[in-house]
Amino acid sequence: MKEKLVYICQNCGFESARWQGKCPECGEWNTFEEAAKKVVSSKQRKLDAIKESTKSNIVSLGDISTDYEYRIKTNINELDRVLGGGIIPGSLILIGGDPGIGKSTLLLQMCANVIDYKPLYITAEESLQQIKYRSRRIKHIDDSLRLLSETNADNINNIIKETDAQIIVIDSIQAVYSEKIESTPGSISQVRECSMMFMQTAKRTGKAVFLIGHINKEGSLAGPKILEHLVDTVIQFEGDKSYSYRILRSQKNRFGSTNEIGVFEMTYAGLEEVNNPSDVFLAGINTNESGIAIVTTLEGSRTILLEVQALVTSTNYGMPQRSVNGYDMRRLQMILAVLEKRFGFPFSKNDVFVNIAGGIYLNDSACDLGIASALISSLQDKPIDSKTVFIGEIGLTGEVRPVSAIEQRISEIQKLGFTKIILPKANKITKQYDVDIYTVEKIREAMFEIFKFK
Ligand code: TYD
Ligand code: MG
């Protein structure tokens with residue numbers, strides 16, 4: 001087979017026949033690196049395709065076994081939920097996140113929890129002593145947990161084939177390299193080829209392989225986006241450095257939903273599960289400050305209550321500032337426009353800052369009414385009763401529209417001891433609740449009820 005020289009963007013994997021300063025695909029500068037590519041003739045490609053297709057077997061639906069649905073429970077509920085119910089044997093799972101967020105800690109704790117499956121933790125980054133040091137901080141780590149310090153991907157691949165371990169962790173994919181490939185460890189060709197090799201081995205042996213990947217400054221996993229397409233599951237471990245909460249979020253899952261999140265807290269003794277996130281996110285908010293409202297958001301199968309903070313101050317220079325953290329800027333601008341146009345609140349003469357406490361990103365339109373209330377509360381400097389929760393989507397005419405899973409939201413609100421809920425009239429409620437429910441059709445009605453406007 002012939003080889004030809006190509007240039008590959010180390011950020012997105014774009015291939016070019018010549019070197020270029022700027023990648024036309026992802027727009028990054030100086031990311032092209034030389035690589036040798038095997039040239040397969042079109043005739044050969046057709047022959048391969050025929051060979052492939054003769055291998056294929058047509059089966060009927062009823063004959064397909066669903067045994068692969070078997071999942072290994074890690075018994076870390078927050079992790080199992082995000083994985084879609086547990087680890088699927090033979091799958092390749094990528095866990096990405098900023099350095100220092102707790103990826104190694106999480107997977108070390110996971111290994112400790114699945115010790116019956118004889119897990120193997122392969123470290124390519126840290127020394128065995130460093131891992132031992134970390135494990136001392138964490139509760140319940142058994143001395144029998146097996147470790148291997150290795151950076152050679154081909155050796156690792158052989159070990160995966162030979163070992164009796166059913167679960168293998170590789171920490172990290174950027175630190176391993178295959179001698180068969182010329183480029184440096186961490187480069188796109190290395191990461192891609194090594195991952196493909198591990199994928200095949202995972203599928204063939206039925207062992208589950210976890211890859212740890214660092215995130216780059218743009219926020220994409222492992223630099224090469226390509227890795228995300230290769231693996232079965234992509235899980236992102238994120239968190240704000242100023243909080244101790246860590247959120248596990250599935251971005252892609254061939255075997256489960258991608259809506260689920262898992263919440264942890266990094267403590268002095270490892271990661272602790274947070275089974276009731278509202279408790280932490282709402283901790284200490286009984287203040288009577290203006291600009292604060294409580295909303296509900298659905299994260300997968302769970303309802304979480306969160307605090308929305310708004311600060312509205314008069315603009316000093318011509319252009320009013322808008323700054324938002326944890327919520328969609330366009331949606332905020334829409335709400336501001338509705339409040340100004342329909343009710344005459346002078347937001348265009350004010351700077352507006354919105355912040356969602358706890359480092360969660362609100363992606364649920366049911367939070368609109370709460371955002372609007374927090375904005376008006378700050379503008380008017382009138383605090384909202386801290387035992388009131390807002391539910392409702394806002395439409396362009398100032399109407400409050402119904403939201404999904406209303407009863408699930410109400411039950412959670414009631415469980416957490418709130419006393420009043422403002423919600424859309426159009427939402428049908430069938431059960432009886434022990435909270436004061438006030439239904440509204442227009443934002444105006446909600447505002448009259450809350451702020452007692454004349
Ligand atoms: P680590 O798992 O090494 O992160 P990653 O693999 O994602 O780079 O965790 C690093 C941080 O977590 C480090 O700053 C120390 C802190 N930490 C704790 O606070 N408590 C603990 O019990 C452990 C093990 C780590
Ligand atoms: Mg690490």
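The values are calculated or read from the model by the stated rules, or taken from the named source; none is laboratory data. Worth saying up front: this structure is predicted, and the values here are computed from it rather than measured. Cβ coordinates were reconstructed from backbone atoms using ideal geometry, including for glycine residues, and neighbour counts include every protein chain displayed. The area values use the complete protein model at the heavy-atom level, side chains included, leaving out ligands, DNA and RNA. Shrake-Rupley method; radii C 1.70, N 1.55, O 1.52, S 1.80 Å.
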Helix 368-380: inclination vs the chain longest Cα principal axis, degrees, rounded to 10, gives 50
Once normalised by the length of the stretch 70-275, the mean sequence separation of its alpha carbon contacts under 8 Å that are 6 or more apart gives a contact order in percent of 29
Here the FRET efficiency for Glu15 versus Gln200, based on Cβ atoms and R0 = 22 Å and rounded to 0.05, is 0.50
Here, chymotrypsin sites (Phe, Trp or Tyr not before Pro) of the stretch 260-300 satisfying both criteria (DSSP loop; at most 15 other Cβ within 10 Å) are Tyr268
Length gained if Asn30 through Lys415 is fully extended, taking 0.36 nm per residue and subtracting the Cα-Cα distance, is 133.1 nm
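Would you mind calculating the relative contact order of the chain from Cα pairs under 8 angstrom and at least 6 residues apart, reporting the percent as a whole number? Present the calculation step by step, with values, prior to reporting the outcome.
Numbers: 908 pairs, mean separation 52.6, N = 454.
It rounds to 12 percent for the chain.
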Filtered hits (aspartates and glutamates, Cα-Cα < 12 Å from Lys382, offset >= 8 within chain) -> Glu289
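Checking the table Lys387/Lys425; Lys139/Lys387; Lys252/Lys349; Lys139/Lys180; Lys180/Lys207; Lys73/Lys425 against a 31 Å threshold on Cα-Cα, which pairs fail?
Working: Lys387/Lys425 20 Å; Lys139/Lys387 37 Å; Lys252/Lys349 42 Å; Lys139/Lys180 40 Å; Lys180/Lys207 24 Å; Lys73/Lys425 42 Å.
Result: Lys139/Lys387; Lys252/Lys349; Lys139/Lys180; Lys73/Lys425 exceed 31 Å.
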Computed about the Cα centre, the charge dipole of the stretch 308-454 from +1 Lys/Arg and -1 Asp/Glu charges at the Cβ has a magnitude in debye, to the nearest 20, of 260
Residue-normalised 222 nm signal for the chain, counting each DSSP H run of n ≥ 4 as -39,500 (n - 2.57), nearest 500 deg cm²/dmol, is -8500 deg cm²/dmol
To the nearest 10 degrees, the tilt of helix 153-162 (Cα long axis) against the first principal axis of the alpha carbons of the chain is 90
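Work out the length of the dipole vector of the chain about its Cα centre, built from +1 on the beta-carbon of each Lys and Arg and -1 on the beta-carbon of each Asp and Glu, and round it to the nearest 20 debye. Working shown, then result.
On the way: 55 positive and 56 negative charges, 191 e Å.
Computed about the Cα centre, the dipole is about 920 debye.
Please state the charge dipole magnitude for the stretch 75-138, taken about the Cα centre, from unit charges on C-beta atoms (+1 on K and R, -1 on D and E), reported in debye and rounded to the nearest 20. Working shown, then result.
Working: 7 positive and 6 negative charges, 47 e Å.
Dipole magnitude for the stretch 75-138 comes out near 220 debye.
Taking R0 as 60 Å, what's the FRET efficiency between Glu162 and Ile437 from their Cβ-Cβ distance, rounded to 0.05? Don't jump to the answer; show the numbers that get you there.
Working: r = 62 Å, r/R0 = 1.04.
With R0 = 60 Å, the Cβ-Cβ based efficiency is 0.45.
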Over all directions, the chain yields a Cα convex hull whose mean projected area in nm² is 28.2
Placing +1 on each Lys and Arg Cβ and -1 on each Asp and Glu Cβ in the stretch 70-275, then taking the dipole about the Cα centre, the residue among Ile215, Ser149, Ile93 whose Cα reaches farthest towards the positive end is Ile93
To the nearest 0.05, the calculated FRET efficiency linking Tyr70 and Ile115 through their beta-carbon distance, R0 being 22 Å, is 0.75
Note: Ser127 to Ser348 extended length (0.36 nm per residue) minus current alpha-carbon separation gives 73.9 nm
Expressed per residue, the solvent accessible area of the stretch 279-451 in Å² (1.4 Å probe) is about 45
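Provide the per residue accessible area, probe 1.4 Å, for the stretch 70-275, rounded to a whole number of square angstrom.
Working: 8570 Å² over 206 residues.
Result: 42 Å² per residue.
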By the rule of no other cysteine beta carbon under 4.7 Å, the lone cysteines of the chain are Cys111, Cys194, Cys367
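For the stretch 304-454, with all protein chains present and a 1.4 Å probe, just round the carbon and sulfur fraction of the accessible area to a whole percent. Spell out each step's value before the answer.
Values: 3480 of 7130 Å².
Carbon and sulfur together cover 49 percent of it.
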So the angle from the long Cα axis of helix 128-137 to the longest Cα principal axis of the chain, reported in degrees to the nearest 10, equals 30
Farthest towards the positive end of the dipole of the chain, among Ser189, Ile167, Ser411 and with Cβ unit charges of +1 on Lys and Arg and -1 on Asp and Glu, lies the Cα of Ser189
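Ordered by packing density, taken as the mean number of other Cβ atoms within 10 Å over each peptide's residues, highest first, how do 367-380, 159-172, 422-435 rank?
Values: 367-380: 25.1, 159-172: 19.6, 422-435: 14.2.
Highest mean packing first, the order is 367-380, 159-172, 422-435.
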The stretch 348-377 scanned against label point 7 Å out from Thr397 along Cα→C-beta; backbone N under 19 Å for 369
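Report in % the part of the accessible area of the stretch 70-275 that belongs to carbon and sulfur, leaving out ligands and nucleic acids; probe 1.4 Å. Don't jump to the answer; show the numbers that get you there.
Details: 4010 of 8570 Å².
C and S atoms contribute 47 percent here.
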